[in-house]
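Notes for the one structure printed next.
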C-alpha cells in the first residue's frame with residue numbers, strides 16, 4: 001500500500017488518482033497532505049528557478065519579513081539557527097532558501113490560520129551566503145535576505 | 001525505527017509554543033564515505049503538527065535542514081492538557097509520530 005501510494009505520487013499524473021483515493025476513503029486527508037513534497041522546487045539550483053518552482057517568480061522585497069535568532073557569523077555551517085517572522089497580513093507560507101547551497105531550497109512551512117507566522121529551525125550552509133525568506137501572503141510573494149558568514153562549511157566537504 | 005522526538009508544548013497567554021527536536025541523520029547526499037562512494041541522501045521530507053487533530057503547521061524539508069532537526073513555532077487557542085501530535089516521513093518512507101500534552 002505504501003509503495004503503491006508513493007509511486008502514484010511520483011508518477012506526476014498522481015493528483016487525480018490521489019483524489020480518487022481520498023474520495024474512496026483510503027487515505028485520511030492528513031496523510032495525503034503529509035505525502036506532498038515539491039520535488040521540482042527542491043531540485044532547483046538557482047535562485048530564480050527555485051522561486052519560480054515555488055510559484056513566486058518575481059517577489060517583492062519586504063521589510064515586514066524579519067530574521068530573528070539568526071547569526072551574522074555562523075561558526076559551524078552544519079547547524080545555523082534561522083528564525084523568520086512575517087508581519088505581512090495573511091501570510092500562508094514561509095520558505096527558506098540558501099543561495100550558495102547545492103540545492104537552494106532548505107524548507108517550506110505552510111502556516112494555517114491561527115498559527116503565528118513565525119518559525120525557527122536549524123539549517124546546514126555549505127559556505128557564506130545570502131539566506132532568503134520567501135513568504136506567500138494572500139497569493140502574493142515577498143522576499144527578504146540576510147547575509148550569513150560561515151566559518152566552517154556544513155555540507156561535508 | 002528512529003528514536004522518539006523530544007517535544008515541549010507550553011501555553012503562555014493566548015498562544016502555545018511548540019518546540020521539537022527530532023532524531024534523524026539528515027544525510028545530504030553530497031558526502032562520500034572512506035571508499036569514495038557517495039552516501040545516499042536520507043532526510044525528512046514532510047512534517048506535520050496537529051493540535052487535537054487539527055493541523056497547526058506542515059512543512060516540506062530538503063537536505064539542508066540540520067541533523068537532528070529542531071523546529072519551534074507558536075499557535076493560538078491551545079489549552080493545558082490538549083494533545084499535540086507531530087509526525088514526520090523521510091525519503092525512504094520511514095515514519096514516526098510522537099505525542100505530548102500542552103503543559
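Averaged over peptide A:104-111, the number of partner chain Cβ atoms lying within 10 Å of each residue's Cβ comes to 6. Counting every other Cβ atom within 10 Å of each residue's Cβ, B:80, A:140 order from fewest to most as B:80, A:140.
Taken residue by residue and averaged, Cβ atoms of other chains lying within 10 Å of the Cβ of A:38-50 number 1. Distances between every pair of Cα atoms in segment B:1-90, grouped in 10 Å steps from 0 to the bin holding the largest one, split as 15, 43, 26, 11, 5, 1 percent. Take each peptide in A:122-133, B:39-50, B:89-100, count the other Cβ atoms within 10 Å of every residue, and average; sorted highest first, the result is A:122-133, B:39-50, B:89-100. Arranged from fewest to most other beta-carbon atoms within 10 Å of their beta carbon, B:71, A:105, A:152 become A:152, B:71, A:105.
For the peptide B:67-77, the mean number of other protein chain Cβ atoms found within 10 angstrom of a residue's Cβ is 5.
Once you reduce segment A:49-72 and segment A:98-143 to the center of their Cα atoms, the two points are 7 Å from each other.
Could you order the peptides A:52-59, B:28-35 from most to least packed, using the average number of other C-beta atoms within 10 Å per residue?
Taking the mean over residues of other Cβ atoms within 10 Å, the ranking is A:52-59, B:28-35.
Sorted largest first, the spans of the alpha carbon positions of segment B:54-103 along the three principal axes are 34, 18, 18 Å.
Max-minus-min Cα coordinates of segment A:43-152 on each principal axis give 38, 27, 21 Å, with the largest extent listed first.
Rule-based calculations on the coordinates, nothing more; no lab input. Worth saying up front: this structure is predicted, and the values here are computed from it rather than measured. A quick note on method: Cβ atoms are made from the backbone with ideal geometry, for glycine too, and the neighbour counts reach across all protein chains shown.
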